[in-house]
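The block underneath contains the structure these notes are about, expressed in structure tokens.
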């Protein structure tokens, strides 16, 4: 921001919102993220860009913005991953509210305005979040509900606290990392991101917020979407690693949850996670490791139909084509056997 002479204007009052942007080799894209922030209708913010050991021109690009807008701060650290970068930003944040934003994503112009206003008017709410849309770099105007083959909404749009919210979050991650605006008080209560998690660290954080009593609110407002850039090399596209990390998280949560019924529910989902990861192992050529996980999932599952599915999958794994195993597992047993028999002809 500058005055009519072109000189930078320093923000002298404490910022209301701290925007934390971790960046790793995204110099060509972070421009768009910073512009989406500068173009916000709400202007009382600071932005902390944490360069996670980039080897490209990220520093040069961000420093050019720092010279023009004193609200933007550049911080460098040796490469340590997303969680460590977000934690470095949190340690420097001064705002009453926290907004996370990845260096290749955007937020619509009313995002901060709508969410700050809601939290100001509803002091009992700790986390307000909105919807997200996806776009490809070559199609910047694209607004998809998801990037799966069938373009359907995936966010459950749930609100609340306590057991209800924990159960919803155990079932699935309910939002992308840039969707929420968080009060500083919930950050102080929950602590930092788990730096041992290379993936799904945001999902883990929302679970921890819910366990510590955080109240979530979904808010549907025009012009307040998070816009997620879908790239071929996105971390979130590595299904094998996502399954592996999901299994690790459920083991971790079994030690964090306090409600007995939620612990049992997580154990059921943990059995399913073992089975799904077993399928991934088999498709990647690790037959015996995958079979062991499938048998383990069958033993641990509390639902007889799921238990039967996993043991059947383990038994047919040596005879099934690896590139079609996911489909064989997902079909009813009768249809799956027909597919197997056709493949052996």
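Could you go through region 305-313 and let me know if any residue there is within 29 Å of the chain's Cα centre (by Cα) and in the same structural domain as residue 269 (by TED's automatic domain parsing).
The answer is yes; a qualifying residue exists.
With the requirement that a residue be within 14 Å of residue 314 (Cβ to Cβ), in a helix (DSSP H, G or I) and free of Cβ contacts under 8 Å to residues at least 24 places away in the same chain, what does region 253-294 give you?
281, 288, 289, 292, 293, 294
Scanning region 70-87 for residues that are touching a residue at least 40 places away in the same chain (Cβ under 8 Å), surrounded by 18 or more Cβ atoms within 10 Å (Cβ to Cβ) and in contact with a strand residue (DSSP E or B) (Cβ under 8 Å, 6 or more places away or on another chain), which turns out nearest to residue 126 (Cα to Cα)?
Here the residue is 86.
Can you tell which of 116, 128 is in a strand (DSSP E or B), assigned by TED's automatic domain parsing to the domain that holds residue 214 and within 18 Å of residue 17 (Cα to Cα)?
One residue alone meets the criteria, 128.
Within region 81-91, can one find any residue that is in a loop (DSSP other than H, G, I, E, B) and over 17 Å from residue 205 (Cβ atoms)?
Looking for residues that are in a loop (DSSP other than H, G, I, E, B) and over 17 Å from residue 205 (Cβ atoms), one finds none in region 81-91, hence no.
Report whether or not residue 66 is part of a helix (DSSP H, G or I) and touching a strand residue (DSSP E or B) at 6+ places or on another chain (Cβ under 8 Å).
It is true that residue 66 is part of a helix (DSSP H, G or I) and touching a strand residue (DSSP E or B) at 6+ places or on another chain (Cβ under 8 Å).
Considering only region 1-34, state which residues are touching a helix residue (DSSP H, G or I) at 6+ places or on another chain (Cβ under 9 Å), surrounded by fewer than 20 Cβ atoms within 10 Å (Cβ to Cβ), closer than 29 Å to residue 118 by Cα and at pLDDT 95 or above.
Once the filter is applied, which keeps residues that are touching a helix residue (DSSP H, G or I) at 6+ places or on another chain (Cβ under 9 Å), surrounded by fewer than 20 Cβ atoms within 10 Å (Cβ to Cβ), closer than 29 Å to residue 118 by Cα and at pLDDT 95 or above, region 1-34 yields 16, 31.
Quick one: which of 254, 302 is surrounded by 13 or more Cβ atoms within 10 Å (Cβ to Cβ), in contact with a helix residue (DSSP H, G or I) (Cβ under 6 Å, 6 or more places away or on another chain) and either under 30 Å from residue 112 (Cβ atoms) or not assigned by TED's automatic domain parsing to the domain that holds residue 109 (or both)?
Exactly one residue qualifies, and that residue is 254.
Would you check if there is a residue in region 241-249 being touching a strand residue (DSSP E or B) at 6+ places or on another chain (Cβ under 9 Å) and closer than 30 Å to residue 213 by Cβ?
For region 241-249, residues touching a strand residue (DSSP E or B) at 6+ places or on another chain (Cβ under 9 Å) and closer than 30 Å to residue 213 by Cβ: absent.
Regarding residue 303, is this residue at pLDDT below 90 and over 22 Å from residue 240 (Cα atoms)?
yes
Looking at residue 142 and the list (1) surrounded by fewer than 14 Cβ atoms within 10 Å (Cβ to Cβ); (2) free of Cβ contacts under 8 Å to residues at least 40 places away in the same chain, which single condition is not satisfied?
(1)
Got at least one residue in region 228-240 being closer than 24 Å to residue 32 by Cβ and touching a strand residue (DSSP E or B) at 6+ places or on another chain (Cβ under 6 Å)?
The answer is yes, given that some residue of region 228-240 is closer than 24 Å to residue 32 by Cβ and touching a strand residue (DSSP E or B) at 6+ places or on another chain (Cβ under 6 Å).
Look through region 315-326, keep the residues that are within 31 Å of the chain's Cα centre (by Cα) and under 17 Å from residue 274 (Cα atoms), and return whichever of them is surrounded by the fewest Cβ atoms within 10 Å (Cβ to Cβ).
326
The values are calculated or read from the model by the stated rules, or taken from the named source; none is laboratory data. These numbers come from a predicted model, not from an experiment. All Cβ positions, even for glycine, are placed from backbone atoms using ideal geometry, and neighbour counts span all protein chains on display.
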